[in-house]
Structure formats: structure tokens, C-alpha cells
1. Answer yes if at least one residue in the stretch 72-86 is at positive phi, modelled with pLDDT under 95 and in a loop (DSSP other than H, G, I, E, B), and no otherwise.
2. Do we have A99 as assigned by TED's automatic domain parsing to the domain that holds R40 and surrounded by 12 or more Cβ atoms within 10 Å (Cβ to Cβ) here?
3. Looking at the stretch 148-160 only, could you name the residues that are surrounded by 12 or more Cβ atoms within 10 Å (Cβ to Cβ) and modelled with pLDDT of 90 or more?
4. Is it true that A39 is at pLDDT 95 or above and small (G, A, S)?
5. If E135 satisfies all but one of (1) modelled with pLDDT under 90; (2) surrounded by 10 or more Cβ atoms within 10 Å (Cβ to Cβ); (3) not hydrophobic (A, V, I, L, M, F, W, C), what's the number of the condition it fails?
6. Output the number of the condition that D125 fails; it satisfies all remaining conditions of (1) at pLDDT 75 or above; (2) of a type in the set (D, E, K, R); (3) surrounded by 11 or more Cβ atoms within 10 Å (Cβ to Cβ).
7. If I ask for residues that are exposed (fewer than 15 other Cβ atoms within 10 Å of the Cβ), assigned to a helix (DSSP H, G or I) and not charged (D, E, K, R), which ones from the stretch 161-182 would you list?
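The values are calculated or read from the model by the stated rules, or taken from the named source; none is laboratory data. None of these values were measured; they are calculated from a predicted model. For neighbour counting, all protein chains shown are included, and Cβ atoms are generated from backbone atoms with ideal geometry for every residue, glycine included.
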Amino acid sequence: MQLAANMENDLSIDLRPKLTAIREGDHEAFMEVYELMHARLFRFFLKKIFLHDTAKDLTQQCFIRLWQFRHTLSDQHPLEKQVFIIARSLLINHIKKEATQKKLKLVASKEFVEAIAPLGEELTDKKLQVNAAIETLPPVRKRVIILKAFHGFTNKEIAQQLEISVKTVEDHVTKAFRHIRQVMAVLVIIFFK
């Protein structure tokens, strides 16, 4: 604990003469401050954000801003304090940006669901139409098409289960699909007149 307090005091003492030098554009002084504060600033961001890459990016942005706005540095406050004010500002902006992006993603996903909802209704309508068409088939043909379309049976498996020939199954499938298409066409004409 005592060591950390001494380090902070030493850091503040070491940075005071650098403030004026950085404000006047001394790149070497800036690099010394970077070396002294980089790890501490990184830990600050990491503790708040929990993402290594984001903390690294924010640390870099903080030093970029320090250099870009060096002419606004004040002699009335320690350089360390001014750096952490920049860091806090970047952190707040980052959190706001993340919150906005989450809201946008939520709105986009809601709009997507609303956009595809009619498609779901349309698919439900189609499914109801197909089921209505299947219900009008003769009993054996209805069973054949249900085994084929909904249970994935092969023609041979259907023939074995119903004890009919494979050719008869093929005939039932062909006629069932033709019937379903005709019923669906009639339903479309009725609904869209």
C-alpha cells in the first residue's frame, strides 16, 4: 500500500515539469509521460470495460488526445489529473456508443421480426392450404402422401407398409401432387379475386 502511494506521489512529481514541455510540443517529454502512465491508464480502462483490446484502444486514444490538445493543458492541475479527465471522457463516450449500438441492434432485430412476420403468416396460410388439399384426397392416396412428404418414407417403404406395389405408390404420389397443385391454384384464385 505504502509503495503504491509513493509511486503515485513520485509519478505526480515526475510529471509536473513535463506538463509545460508537452504543451510546447516536446515529443520526448510526451514519450516519457507515455512510458510512465501507459500501464496505469490501461489498467483503469480494463477495470471498467473488461475487454483487453478495447482497453488498449482507449488507452491509445487517450494519449492521442493528450498530444492533439496539448496546447489546452493547464498549469493549475497536475498532468496526471488532466490525463485521467481525458480518459474518463473517452470511457463515457465509449459506454454511450456501446449503449446506442445495442439499442440500434435491438430496433433492427425488432424491425426484422416485424418484416418477416407477414412471411410467416403467408407460410402458415400456405401450410393450411396444403393441409386442406391433402384432406380432400382419397384415404389411401392421403396416407401415401403423408408418409412420403411428412415422414420422408421412400416409395419402396410405403409400398411395404401399405402392402401395395411400388408402381401403385408412384401413381398415388403423382396424382396426389397434381391434385394438391390444382386445389392450391383454385384457392389462390378465390382469395385474390
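1. As a first pass, look at the stretch 72-86 and keep what is at positive phi: none.
No; the residues of the stretch 72-86 include none that is at positive phi, modelled with pLDDT under 95 and in a loop (DSSP other than H, G, I, E, B).
2. no
3. Step one: list which residues in the stretch 148-160 are surrounded by 12 or more Cβ atoms within 10 Å (Cβ to Cβ), which gives 148-149, 153-155, 157-160.
Matches in the stretch 148-160: F153, T154, N155, E157, I158, A159, Q160.
4. On the way: at pLDDT 95 or above: yes; small (G, A, S): yes.
Yes, satisfied.
5. Looking at each condition in turn, E135 falls short on (2).
6. Exception for D125: condition (1).
7. Q161, V166, T174, F177, Q182
Matching residues to (1) modelled with pLDDT under 95; (2) on the phi > 0 side of the Ramachandran plot; (3) small (G, A, S):
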| site | (1), (2), (3) |
| --- | --- |
| M7 | yes, no, no |
| S12 | yes, no, yes |
| K56 | no, no, no |
| Q101 | yes, no, no |
